[in-house]
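Chemist: What follows is a single structure, and I will ask about it in a moment.
The values are calculated or read from the model by the stated rules, or taken from the named source; none is laboratory data. Here the structure is a predicted model, which means the values were calculated and not measured. Here Cβ is always computed from backbone atoms with ideal geometry, including for glycine, and neighbour counts include all displayed protein chains. We work out accessible area using only protein heavy atoms, side chains counted, and drop any ligands, DNA or RNA first. Shrake-Rupley method; radii C 1.70, N 1.55, O 1.52, S 1.80 Å.
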Amino acid sequence: MSDPVVPRNYRAQHLWQASGWQEDALLGVDAAGRCAATAAGPVDDLGAWVLPGMPNLHSHAFQRAMAGLAERRGGGRLPSGQPHAASADSFWSWRETMYGFASTIGPDDLKAIAAQLYVEMLKAGYTQVCEFHYLHHQPDGTPYAPPEAMSLALVEAAREAGIALTLLPVLYMSGGFDGRPLSARQRRFGHALDDYQRLLERLRRHECQDLRVGMALHSLRAVTGPALREVLEGDIARRGPVHIHIAEQIGEVQDCLATRGARPVEWLFEHADVDARWCLVHATHLTDGEMRQLARSGAVAGLCPVTEANLGDGLFPLGAYLDAGGGFGIGSDSHISISPVEELRWLEYGQRLVTRHRNIAARHDGDSVGETLWRGALRGGAQASGMACGEWREGARADLIVLDETSPLLAARDQHSLLDSFLFAGNTPLVRDVMCGGQWVVRNFVHRDEARIAARYRETVTRLAQH
Ligand SMILES: [Zn+2]
């Protein structure tokens, strides 16, 4: 899907990997945009501080364009300026605003919004994104021609921006735990099982080095027990990552208990073979037993701390989960912030506020919080993406970020303190250059196509606001 890469050699003064720092590291990139052994020829200097790029394991791209439109008490404001009725502000009232906004978006709009979002992700240090995509059909539920038009809009947007994409088409079948039909505003999300499996088959034909196709179950309230069993037993579900929203809200836990006699994570583990292919997004409300079961399973907890804070979801039990050996990654989810630094900072600060202690993610004396968080999110994000990424090793994607060594924020920093300063020294952008799949997509803080993509985005959201 990407342009051919010219094989090259690079040198990093300091390369950080999960195993630690390497000085004067020589890095080769092959014609497929993968990490390779260095070959004969010139060597380009990357700079002082080089890190693997971060996977973003949870995204609903269209929501980027409604950031800031649901922050007024008594219900959000639609792009048209029309208020809508809402009771106490919560996740559920936010969802009404989101549904209203979603009803205005077609394939070209989605492509314009997603391309802008992906440019912002790359500039922030994300080099891969998992798109949890449920905006499948026309607003009245009629399929587009072709039926995968909205999915392809995301694929094209990722190609324009130059970010690696794991597309996770979402199975969304019912409007509640009791199996009720989809509401009018949910109709464009829905599929019968056969149609969903056909959608996956059609999309898998597009898979390449930069595009992986997995699957997603929207949530237990959107997929009944029999449907979950049937889709997981099908051939189509036997490869690629599987993502699901789960236990994000107390109301969701209560409804699951009332209708299925078990809490969501408990119920899922009883009815599915949850293993390392799975990513449980949010998993906020866990008993100790559920937390340990999730950690043991090898699945990834998909944490989206800034969105979870924005929506008032609750706090994931990070310290105990890390002690139990659990894996996690981060996602920007509703996109009220596009920054792995802010996600990881909030992940740590939420824990500090509730425990009234510091340095929670670091579980042993002397451990660095910044290194622990970046390492964990790289590993879990790569696993949830189903791609070979998140580390510099032969055969993996050549994705890296180069920090601005001239920034005052990094003055007098050394290997010991670099990651902590990157995460905990403020909001001045520090990601100077970004390579994705062996291609430079950001140089000196500027994305290769950002002016055109931003102009199209402005035109699109202006038109949507006039609906
Ligand atoms: Zn989500």
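Chemist: What value, in deg cm²/dmol to 500, does the helix sum -39500 (n - 2.57) over DSSP H runs of n ≥ 4 give at 222 nm once divided by the residues of the chain? Mind dumping the intermediate values first?
Modeler: Details: 14 runs with 162 residues, N = 467.
Computed mean residue ellipticity for the chain: -10500 deg cm²/dmol.
Chemist: On to the next question. Choose one of Leu57, His191, Val265: the residue whose Cα lies farthest towards the positive end of the charge dipole of the range 54-385 (beta-carbon charges +1 Lys, Arg; -1 Asp, Glu; about the Cα centre).
Modeler: The residue sitting farthest along the positive end of the dipole is Leu57.
Chemist: Suppose R0 equals 45 Å. What FRET efficiency, 1/(1 + (r/R0)^6) with r the Cβ-Cβ distance, do Ala184 and Glu270 give to the nearest 0.05?
Modeler: Calculated value: 0.85.
Chemist: Collect residues whose amide H, placed 1.01 Å from N in the peptide plane, falls under 5 Å from the amide H of Cys389; neighbours closer than 5 in sequence don't count.
Modeler: So Cys389 has HN proximity to Arg397.
Chemist: Take the Cα coordinates of the range 351-416, assign each an equal point scatterer, and use the Debye formula without solvent to give log10 I(q)/I(0) at q = 0.13, 0.23 Å⁻¹.
Modeler: With one equal scatterer per Cα and no solvent, log10 I(q)/I(0) is -0.57, -1.07.
Chemist: Would you mind getting the accessible area per residue of the chain, heavy atoms of the protein chains only, 1.4 Å probe, in Å²?
Modeler: Values: 18330 Å² over 467 residues.
With the other protein chains kept in place, the chain gives 39 Å² per residue.
Chemist: How big is the antiparallel share of DSSP beta bridges in the chain, given as a percent to the nearest 5? Display every interim value, and only then the final one.
Modeler: Details: 26 of 63 bridges.
So the antiparallel bridges in the chain amount to around 40 percent.
Chemist: Sticking with this one: Can you list the GluC sites (Glu not before Pro) in the range 350-440 that are in a DSSP coil and have 13 or fewer other beta carbons within 10 angstrom? Could the numbers behind the result be given before it?
Modeler: Working: sites: Glu371, Glu391, Glu394, Glu405; in loops: Glu391, Glu394, Glu405.
Here the sparse-neighbourhood loop sites are Glu394.
Chemist: If we restrict to alpha carbons, what Rg and Dmax does the range 295-347 come to, in Å?
Modeler: 11.3, 32
Chemist: Roughly how many whole Å is it from the C-alpha centroid of the range 4-47 to that of the range 235-276?
Modeler: 41 Å
Chemist: For the chain, state the average projected area of the convex hull of the C-alpha atoms over all orientations, rounded to one decimal in nm². Don't jump to the answer; show the numbers that get you there.
Modeler: On the way: hull surface 85.6 nm².
Here the figure is 21.4 nm², rounded to one decimal.
Chemist: Could I ask something else about it? Shape verdict for the range 262-386, please, from the Cα gyration tensor: rounded (a/c under 1.5), prolate (a/b greater than b/c) or oblate. The partial results should precede the final answer.
Modeler: On the way: a/c = 1.42, a/b = 1.32, b/c = 1.08.
Note, shape of the range 262-386 comes out rounded.
Chemist: If you place +1 on the Cβ of every Lys and Arg, -1 on the Cβ of every Asp and Glu, and leave all else neutral, what size is the dipole of the range 54-385 about its Cα centre, to the nearest 20 Debye? Intermediate values should be presented prior to the final figure.
Modeler: Values: 33 positive and 39 negative charges, 46 e Å.
Using only the charged Cβ atoms, the result is roughly 220 debye.
Chemist: How much accessible surface area, in Å² rounded to 10, belongs to the heavy atoms of Cys279 with a 1.4 Å probe?
Modeler: 0 Å²
Chemist: Using only the alpha carbons of the range 40-179, what is the convex hull's orientation-averaged projected area in square nanometres? Spell out each step's value before the answer.
Modeler: Values: hull surface 50.7 nm².
The directionally averaged projection comes out at 12.7 nm².
Chemist: Treat every Asp and Glu Cβ in the range 350-466 as -1 and every Lys and Arg Cβ as +1, leave all other atoms uncharged, and give the resulting dipole magnitude about the Cα centre to the nearest 20 debye. The partial results should precede the final answer.
Modeler: Values: 16 positive and 14 negative charges, 102 e Å.
Result for the range 350-466 is approximately 480 debye, rounded to the nearest 20.
Chemist: Mind checking which of Thr355, Ala237, Leu171 is farthest towards the positive end of the range 54-385's charge dipole, using Cβ charges of +1 (Lys, Arg) and -1 (Asp, Glu) about the Cα centre?
Modeler: Going by the charge dipole, the pick is Thr355.
Chemist: How many angstrom lie between the C-alpha centres of the range 295-364 and the range 389-426?
Modeler: Centre-to-centre distance over Cα atoms comes out at 20 Å.
Chemist: I would also like to ask the following. Give the accessible area for Glu450 in Å² (nearest 10); use a 1.4 Å probe, count only protein heavy atoms, and leave out ligands, DNA and RNA.
Modeler: Glu450 has an accessible surface of roughly 50 Å² with all protein chains in place.
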